[in-house]
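Data block below; observations after.
The values are calculated or read from the model by the stated rules, or taken from the named source; none is laboratory data. Every value quoted in this text rests on a predicted model; they were computed, and no experiment measured them. Every residue, glycine among them, receives a Cβ derived from its backbone with ideal geometry; neighbour counts consider all protein chains shown.
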Amino acid sequence: MREEMLANMSAVLQSDPSGDGLDVLATAVALEGLTHLSDELTASAQIQASTLLCNLSLILMSVNSSNTEEADLVKEAAGPIIMTASNILTSSSNSSNKREISGVLLNTIDHVQSALLDGTSTGEEPIVYSSPEITVYVNRMEPDQLQSQAVKVQNSTTASFTFPPMQEDLVSGEPVDVRMMSFATNPFSWHEEEPISGTVGSLSLTRNDGSVIPVANLTKEIEIFLPRPDGQQVNSTVLDLRNFSTVAINVTTPNISLVVRLDPSEDITLRLLLGFQYYPKDAHYEAQTQLPHPDVPPEEQYTWVLGPQELAAGVGEYFILVRPVVSAGVDSTNARVSVTSIAAQCKYWDEAEAGWNNHGCRVGPLTNASATQCLCNHLTFFGSSFFVMPNKVDVSRTAELFATFANNPVVVCFVGSLFLAYLIVVVWARRKDIADTAKLKVTMLQDNDPWLSTATCCTSAQGTGGGIHFRTGHCHSAWIGRGERAAPPH
């Protein structure tokens, strides 16, 4: 039924491709309704709907935006077109035709942006459309407004871009059109060689005629934030810096960047050494740095970004030695530091190679569990990969650390006092045991003997004067009678 309705709509559109803004709006609303239940769209319906939507966006570009009423209809029709594209993109995520569908939808959004910019003047507020999968941003600006300009949607989880100071020869004196697209999921998911996760964003600059202004090899980088709406849990390891500690990080993916963020309990200078499958030392390490970094924002001062160059050894276990740098005459510090590591990649879509590449992009120090910061010197589509690498304190170095604890007299005295107290308690307890054993004996209480008894022997009317003896075991009792009557002894 849906396929039949889509076929009829396509036939009508092809028979009269010169529609006005009202016709485009009506068709876009109907198409949005047909694709609302995206899980019910068959593969054939997905292709039909995406093709129809692209043709509709071409008609939208031809609408005369100089007419205020028509310009308003263009803006109104853009909403359902973008929502329909979002529905189709969602339904085609597992389709065998998703490469073809994705390409058609990207062209559709580009056409919509051109139609919106056609009726826009400099100085106006940016035009933004949001849907569950796609966010579209357009703005016409003067060249000098691009300097350090942020392109983002407030209170959203979309990609954001911040321009550096632009080169004077990059843009001429005419207005510049800024086009941004943000996708909640990867529109190039058909390319399965790279594990792109989270938001994918695109930014381009065009002239009034729609021609692209090439932006590449900038001397200063463009800042890009690619959020991960779901976020991921990261693990932190707490180190005691009374001596020095080593964190082991198992890197399982090649060509990544490792963002190591430290949060000390107090302001302290730290020296970090990196080793690959060995414990780093002052004279042997892969990379080293000293924190806090000078002349950077506070949130970057205790962050060390290890790029693919520092991790050139590849996959394996890396060791990071954290050592406090204390003043002369100070042997130790009671500071503690929390260490968090995040592995990430920043990549861009290379249209010529039809694949992801990382040339000209690097991971920034503000990368965290909810967003990747990419610093790139060109413009195109950008994506990121995110990995959580578990940290662990390397307890295998306990013997080595104890071998160096003599350098700290405070630690020596403390450990020595513990051993001395233990020995004193052991000797005292042993002496008390010996003394108690020497005093041990058995004392029989007369009235507690259960075998005591009373015996009276009569030979006549009086008690006998003879001696009577009883023997039972080791007990001996004797009774002596008297000439007169007497009570028996007890």
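Has the stretch 329-346 got at least one residue that is surrounded by 21 or more Cβ atoms within 10 Å (Cβ to Cβ) and either in contact with a Cys (Cβ under 7 Å, 6 or more places away or on another chain) or free of Cβ contacts under 8 Å to residues at least 12 places away in the same chain (or both)?
yes
Would you list the strands (runs of 3 or more DSSP E) that sit entirely within the stretch 244-310 and hold 3 or more residues that are of a type in the set (A, V, I, L, M)? Steps first, please.
Numbers: elements: 245-251, 257-264, 269-276, 287-291, 303-306.
By residue number, 245-251, 257-264, 269-276.
Kindly establish whether Val260 is surrounded by 13 or more Cβ atoms within 10 Å (Cβ to Cβ), hydrophobic (A, V, I, L, M, F, W, C) and either closer than 28 Å to Thr162 by Cβ or modelled with pLDDT under 90 (or both). Break it down into steps so the answer makes sense when it comes.
Numbers: surrounded by 13 or more Cβ atoms within 10 Å (Cβ to Cβ): yes; hydrophobic (A, V, I, L, M, F, W, C): yes; either closer than 28 Å to Thr162 by Cβ or modelled with pLDDT under 90 (or both): yes.
When the stated conditions are applied, Val260 passes them.
Is there any pair linking a residue in the stretch 15-26 that is farther than 15 Å from Glu69 by Cβ to one that is exposed (fewer than 14 other Cβ atoms within 10 Å of the Cβ) and at pLDDT 70 or above, with Cβ under 6 Å and at least six apart or on different chains, and which?
As it stands, the answer is none, since no pair meets every condition given.
Would you point out the residue of the stretch 47-81, among those that are in a helix (DSSP H, G or I) and among the polar types (S, T, N, Q), that is farthest from Val29 (Cα to Cα)? Don't jump to the end; show me each part of the working.
Pass one, the stretch 47-81, residues in a helix (DSSP H, G or I): 47-62, 68-81.
Cutting the leftovers down to among the polar types (S, T, N, Q) gives us 48, 50-51, 55, 57, 62, 68.
Working: Gln48: 16, Ser50: 14, Thr51: 16, Asn55: 15, Ser57: 13, Ser62: 19, Thr68: 21 Å.
Applying the filter and picking the extreme gives Thr68.
Quick check on the stretch 226-235. Is at least one of its residues in a loop (DSSP other than H, G, I, E, B) and of a type in the set (A, V, I, L, M, F, W, C)?
Start the filter on the stretch 226-235 by keeping residues that are in a loop (DSSP other than H, G, I, E, B), which leaves 228-235.
So of that shortlist, the ones also of a type in the set (A, V, I, L, M, F, W, C) come out as 234.
Yes, there is a match, as at least one residue in the stretch 226-235 is in a loop (DSSP other than H, G, I, E, B) and of a type in the set (A, V, I, L, M, F, W, C).
Check Val238, Val215, Val247 and return the single one that is of a type outside the set (D, E, K, R), closer than 22 Å to Val153 by Cβ, over 14 Å from the mean Cα position of the chain (by Cα) and modelled with pLDDT of 85 or more. Break it down stepwise before answering.
Numbers: Val238 fails: closer than 22 Å to Val153 by Cβ; Val247 fails: closer than 22 Å to Val153 by Cβ.
Testing whether each residue is of a type outside the set (D, E, K, R), closer than 22 Å to Val153 by Cβ, over 14 Å from the mean Cα position of the chain (by Cα) and modelled with pLDDT of 85 or more leaves just Val215.
Quick one: how many residues across the stretch 192-205 are modelled with pLDDT of 90 or more and either surrounded by fewer than 19 Cβ atoms within 10 Å (Cβ to Cβ) or touching a His at 6+ places or on another chain (Cβ under 6 Å) (or both)?
Step one: filter the stretch 192-205 for residues modelled with pLDDT of 90 or more, giving 196, 199-205.
Next, only the ones that are either surrounded by fewer than 19 Cβ atoms within 10 Å (Cβ to Cβ) or touching a His at 6+ places or on another chain (Cβ under 6 Å) (or both) stay: 204.
Of the residues in that region, 1 qualify.
If I ask for residues that are out of contact with any His (no Cβ under 9 Å at 6 or more places or on another chain) and without any contact (Cβ under 8 Å) to a residue 12 or more places away in the chain, which ones from the stretch 206-232 would you list?
Our first condition is that a residue be out of contact with any His (no Cβ under 9 Å at 6 or more places or on another chain); within the stretch 206-232, this holds for 206-213, 219-221, 223-232.
Those that are out of contact with any His (no Cβ under 9 Å at 6 or more places or on another chain) and without any contact (Cβ under 8 Å) to a residue 12 or more places away in the chain: Asp209, Ser211, Val212, Asp230.
Where the second residue is modelled with pLDDT of 90 or more and part of a loop (DSSP other than H, G, I, E, B) and the first is on the phi > 0 side of the Ramachandran plot and surrounded by fewer than 16 Cβ atoms within 10 Å (Cβ to Cβ) and lies in the stretch 288-301, which pairs have Cβ atoms under 9 Å and are six or more apart or on separate chains?
Pairs that qualify, where the first residue is on the phi > 0 side of the Ramachandran plot and surrounded by fewer than 16 Cβ atoms within 10 Å (Cβ to Cβ) and the partner is modelled with pLDDT of 90 or more and part of a loop (DSSP other than H, G, I, E, B): there are none.
Using the structure shown, decide if Asn94 is over 18 Å from Arg2 (Cα atoms), surrounded by fewer than 17 Cβ atoms within 10 Å (Cβ to Cβ) and within 38 Å of the chain's Cα centre (by Cα).
Values: over 18 Å from Arg2 (Cα atoms): yes; surrounded by fewer than 17 Cβ atoms within 10 Å (Cβ to Cβ): yes; within 38 Å of the chain's Cα centre (by Cα): yes.
Against the criterion (over 18 Å from Arg2 (Cα atoms), surrounded by fewer than 17 Cβ atoms within 10 Å (Cβ to Cβ) and within 38 Å of the chain's Cα centre (by Cα)), Asn94 qualifies.
Could you please let me know if Asn107 is surrounded by fewer than 18 Cβ atoms within 10 Å (Cβ to Cβ), outside any strand (DSSP E or B) and at pLDDT 95 or above?
yes
Scan the stretch 14-34 and tell me whether some residue there is under 21 Å from Pro187 (Cα atoms) and hydroxyl-bearing (Ser, Thr, Tyr).
no
Please enumerate the residues belonging to the stretch 263-283 that are at pLDDT 90 or above and acidic (Asp, Glu).
Selection gives Asp263 alone.
Those residues that are over 19 Å from Pro165 (Cβ atoms), touching a Lys or Arg at 6+ places or on another chain (Cβ under 9 Å) and hydrophobic (A, V, I, L, M, F, W, C), I need them from the stretch 362-380; list them, please.
Those that are over 19 Å from Pro165 (Cβ atoms), touching a Lys or Arg at 6+ places or on another chain (Cβ under 9 Å) and hydrophobic (A, V, I, L, M, F, W, C): Ala369, Ala371.
Being over 16 Å from Gln345 (Cα atoms) and crowded, with 19+ Cβ neighbours inside 10 Å is the filter here; which residues of the stretch 223-247 pass it?
Step one: filter the stretch 223-247 for residues over 16 Å from Gln345 (Cα atoms), giving 229-230, 233-247.
Residues satisfying the conditions are Leu239, Leu241, Ser245, Thr246, Val247.
Could you grab me the full set of residues in the stretch 194-218 that are under 26 Å from Arg228 (Cα atoms) and not in a loop (DSSP other than H, G, I, E, B)?
Across the stretch 194-218, the qualifying residues are Ser197, Gly198, Thr199, Val200, Gly201, Ser202, Leu203, Ser204, Leu205.
What tally of residues in the stretch 68-108 results from selecting those that are small (Gly, Ala, Ser) and free of Cβ contacts under 8 Å to residues at least 40 places away in the same chain?
Kept after step one, since they are small (Gly, Ala, Ser), are these residues of the stretch 68-108: 71, 77-79, 85-86, 91-93, 95-96, 102-103.
Filter once more, keeping what is free of Cβ contacts under 8 Å to residues at least 40 places away in the same chain: 103.
Final tally of qualifying residues: 1.
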